[in-house]
Each structure stands twice: as C-alpha cells, then as structure tokens.
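J.: Submitted below is the structure of interest, expressed as structure tokens.
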Amino acid sequence: MTNKRDRIEKLLSMAWNTNSTARALAIANQILEINPDNIEALILKADNTENHNERAEILLHAVSSLDKPESCNPDDRDLLALVINQRLAYAFYAMNRYDESFAYCEAALKFAAENEADPDAESNLEEMKRLYYRILIERQEWQKILAETMRDEEHSLAWAYSRLIAAWMIAPGKAQSVCANMFWDALMFGPDVPFYVLGYLEEPEDDSGPVEQEEFDFALMYYDAFSITEEFFDWFSRGTILFGLLSNRFDAKEREYMLDVIDTLGGYEEYEKMSKILVEADDAAIIEALAANKCLAN
C-alpha cells in the first residue's frame with residue numbers, strides 16, 4: 001500500500017508541475033488507473049477537460065469520493081472539498097445552470113468564511129463572492145444583492161458594481177442620484193473596469209500587473225450585465241466616457257469621436273463644466289470631483 005501511495009504522490013507532483021495540458025491529463029489518467037477515486041487526480045483531470053459537462057461529471061465523482069479512505073490525505077480533505085465546490089460552481093455557471101452553480105458557490109463561501117485564518121480559503125472567498133454576485137444578477141435578485149452588499153464587510157469590485165446594477169434595476173432611471181454615487185464609488189475600486197467592459201481597453205499584456213489583470217478578469221465575467229437594459233447601458237457609457245475624457249484615456253482621434261458620443265448621451269454639458277474645474281488631476285481626484293459635483297445624478 002505504501003509503494004502504491006508513494007507512486008501516486010510522485011505522479012501528482014509531476015502533474016502539478018507540468019505546463020503541458022496533455023501531459024497533466026495523461027498523468028491524471030495514470031493515477032486514476034491505480035486509484036479511480038483519487039481526488040487530486042480527479043481535480044487535475046477536470047482542470048484539463050474542456051467540455052463543461054464532462055468536467056462537472058468528473059468533479060461530482062470527486063465529491064462522491066471525499067469520504068473514501070484512500071481518496072486523499074485526511075488532513076487535506078476539507079480544503080479539497082472547497083476546491084471541488086469552487087470548480088463545480090464555475091462549471092455549472094458556464095452551462096447556465098445557475099441554481100446548481102449557486103448551491104456549490106454557497107457551500108464554498110460557507111467553508112471559506114468558517115476558515116478565514118486559512119490563506120487558501122481567504123483567497124477563494126473573494127473569487128467566490130464575485131461568482132456569487134454574478135449569479136444573483138443572472139437571477140435578477142436585486143433586493144437580495146442590496147441586502148447582501150449591506151452586510152458584506154469585504155468591499156470589492158463585485159460588491160461595488162453589483163450593488164450599482166441592483167440599485168438601478170430596483171427603480172430604473174428613478175434613483176439616479178443614489179446610483180451616481182455608487183458609480184463613482186465603483187470607479188474608485190476599479191477605474192479601468194468600464195473601459196474593458198465597453199471595449200475601449202484591450203486585454204492586458206502577459207507582463208501586466210495583478211491589478212490590471214484582476215480588473216480585466218472581472219470585466220470579462222460581468223460585461224454583459226452592464227447591458228441589462230438599454231437605458232442603464234447608455235447611462236453607464238456616459239459616465240465612463242466622461243471620466244475617460246477628463247482623465248485623458250483617449251487619444252486625439254478617439255477623443256473627437258467620444259465628444260460626439262457623450263453629446264448624444266446627454267453628458268456634454270457635464271463634460272464642459274468639469275473640464276473647466278479639472279485641469280490636471282489623478283484618477284482619485286477626478287472621481288471625487290465628479291461625485292462632489294453630482295455628475296450622472298440626472
């Protein structure tokens with residue numbers, strides 16, 4: 001038994017350290033021939049399987065194997081359960097099976113919240129919150145989003161932009177003053193997010209920093225939530241272009257076009273007013289000034 005376990009451990013080390021998808025998948029299958037219930041091998045196989053249905057089936061096999069004695073190191077069982085729940089939440093989300101995704105997302109969040117001292121759990125908590133709010137948007141549970149964001153002590157991109165969308169959808173176009181404050185707050189958390197959403201910024205380079213990558217990844221997951229209604233999309237675009245013009249995010253040719261667009265969206269007067277107030281300022285100062293002057297509020 002020890003020789004078998006040692007062999008599996010060596011194969012797992014090889015699989016986790018390879019950059020080749022094909023090799024990782026081959027090693028995972030090799031381990032599963034030795035022990036069909038090895039959870040790490042099942043996770044590896046799922047991670048290297050493109051088909052979402054197949055991936056979910058593999059992960060469900062891993063769930064059913066959690067209580068089997070030879071499936072994993074007992075000390076790792078809880079963390080592996082978190083990893084499986086997280087991956088199942090994403091797999092079902094990718095298949096538009098939001099109720100199942102939400103259930104696994106809640107299970108992962110519960111574990112992460114109960115194990116805050118664990119750095120692995122803490123890093124998973126923020127990622128799961130992002131998916132959690134995204135599913136609530138898909139389910140159009142606007143009141144629940146606002147209630148959750150009021151209780152949520154961890155303020156993040158998902159927290160900021162989800163409550164903005166929910167506040168708008170509860171009273172479309174009728175609470176613009178409240179929504180405007182939320183928009184400027186959200187911009188403080190991720191000033192480039194709207195530009196990725198609207199396609200004004202390209203995907204970050206491979207050597208870009210973690211902040212740029214986080215904002216892009218968030219925008220990629222949430223981009224279609226911002227077009228939930230035409231009215232909201234136009235209002236959101238108006239705020240983004242206003243900030244982009246004042247923070248010099250557009251080149252000369254783009255700037256000329258954006259001035260026409262913001263005029264069409266009804267924000268040209270705001271731009272003229274703010275361009276006289278703000279001569280040179282950083283992003284934070286511009287956002288603070290836009291909020292103080294109640295831009296987007298009507």
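J.: So for the range 181-195 (the condition being in contact (Cβ under 8 Å) with a residue 60 or more places away in the chain, farther than 16 Å from residue 297 by Cα and not acidic (Asp, Glu)), does at least one residue qualify?
T.: Yes, some residue in the range 181-195 is in contact (Cβ under 8 Å) with a residue 60 or more places away in the chain, farther than 16 Å from residue 297 by Cα and not acidic (Asp, Glu).
J.: For the range 45-70, how many residues are of a type in the set (A, V, I, L, M) and not in a helix (DSSP H, G or I)?
T.: The first filter runs over the range 45-70 and keeps only residues of a type in the set (A, V, I, L, M), leaving 46, 56, 58-60, 62-63, 66.
Still in the running and not in a helix (DSSP H, G or I): 66.
Result for the range 45-70: 1.
One line per residue, one yes/no per condition, for (1) open to solvent by less than 70 Å² (accessible area, probe 1.4 Å); (2) modelled with pLDDT of 95 or more; (3) among the hydroxyl-bearing types (Ser, Thr, Tyr); (4) more than 18 Å from residue 133 (Cα to Cα):
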| site | (1), (2), (3), (4) |
| --- | --- |
| 2 | no, no, yes, yes |
| 10 | no, no, no, yes |
| 14 | no, no, no, yes |
| 21 | no, no, yes, yes |
| 28 | yes, no, no, yes |
| 61 | yes, yes, no, yes |
| 67 | no, no, no, yes |
| 111 | yes, no, no, no |
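J.: Same structure again: How many residues does the range 9-44 contain that are in a helix (DSSP H, G or I) and of a type in the set (S, T, N, Q)?
T.: So the count comes out to 4.
J.: Further question: Looking at the range 226-243, I want the residues that are free of Cβ contacts under 8 Å to residues at least 40 places away in the same chain and have a partner that is open to solvent by 50 Å² or more (accessible area, probe 1.4 Å) and of a type in the set (Ser, Thr, Tyr) with Cβ atoms under 8 Å, at least 6 apart or on another chain. Which pairs are those?
T.: 233/227
J.: Which numbered condition trips up residue 66, out of (1) of a type outside the set (Lys, Arg); (2) within 26 Å of the chain's Cα centre (by Cα); (3) within 28 Å of residue 136 (Cβ to Cβ)?
T.: (2)
J.: Residues 56, 91: which one is more than 20 Å from residue 6 (Cβ to Cβ), in contact with a His (Cβ under 6 Å, 6 or more places away or on another chain) and open to solvent by less than 70 Å² (accessible area, probe 1.4 Å)? Give the derivation first.
T.: Values: 56 fails: in contact with a His (Cβ under 6 Å, 6 or more places away or on another chain).
Just one listed residue meets the conditions, 91.
J.: Still on this structure: When you check residue 47 against the structure, is it at pLDDT 90 or above, open to solvent by 50 Å² or more (accessible area, probe 1.4 Å) and under 26 Å from residue 128 (Cβ atoms), yes or no? Explain how you work it out, then say what you get.
T.: On the way: at pLDDT 90 or above: yes; open to solvent by 50 Å² or more (accessible area, probe 1.4 Å): yes; under 26 Å from residue 128 (Cβ atoms): yes.
Yes.
J.: Now a separate question. Got a sec? Which helices (runs of 4 or more DSSP H) wholly within the range 165-243 have at least 3 residues that are open to solvent by 60 Å² or more (accessible area, probe 1.4 Å) and of a type outside the set (Val, Ile, Thr)?
T.: In the range 165-243, 176-189, 210-222 are the helices (runs of 4 or more DSSP H) which contain 3 or more residues that are open to solvent by 60 Å² or more (accessible area, probe 1.4 Å) and of a type outside the set (Val, Ile, Thr).
J.: Okay, moving on. Can you go through 216, 250, 236, 226 and tell me which one is of a type in the set (Phe, Trp, Tyr) and more than 23 Å from the chain's Cα centre (by Cα)?
T.: Numbers: 216 fails: more than 23 Å from the chain's Cα centre (by Cα); 236 fails: more than 23 Å from the chain's Cα centre (by Cα); 226 fails: more than 23 Å from the chain's Cα centre (by Cα).
Within the list 216, 250, 236, 226, the selection yields 250.
J.: Could you tell me whether residue 120 is at pLDDT below 95, surrounded by fewer than 21 Cβ atoms within 10 Å (Cβ to Cβ), in contact with a helix residue (DSSP H, G or I) (Cβ under 7 Å, 6 or more places away or on another chain) and not hydrophobic (A, V, I, L, M, F, W, C)? Before you say what the answer is, go through the steps one by one.
T.: Details: at pLDDT below 95: yes; surrounded by fewer than 21 Cβ atoms within 10 Å (Cβ to Cβ): yes; in contact with a helix residue (DSSP H, G or I) (Cβ under 7 Å, 6 or more places away or on another chain): yes; not hydrophobic (A, V, I, L, M, F, W, C): yes.
So residue 120 passes the test.
J.: Have a look at 101, 71 and point out the one that is surrounded by 21 or more Cβ atoms within 10 Å (Cβ to Cβ) and within 24 Å of residue 6 (Cβ to Cβ). I'd like the intermediate steps shown before the answer.
T.: Details: 101 fails: within 24 Å of residue 6 (Cβ to Cβ).
Of the residues listed, the single one that is surrounded by 21 or more Cβ atoms within 10 Å (Cβ to Cβ) and within 24 Å of residue 6 (Cβ to Cβ) is 71.
The values are calculated or read from the model by the stated rules, or taken from the named source; none is laboratory data. It should be emphasised that the depicted structure is a prediction, and the values quoted were computed from it without experimental measurement. Counting neighbours? That spans all protein chains shown, and the Cβs are built from the backbone with ideal geometry, glycine included. Side chains included, ligands, DNA and RNA excluded: accessible areas come from the protein's heavy atoms. Shrake-Rupley method; radii C 1.70, N 1.55, O 1.52, S 1.80 Å.
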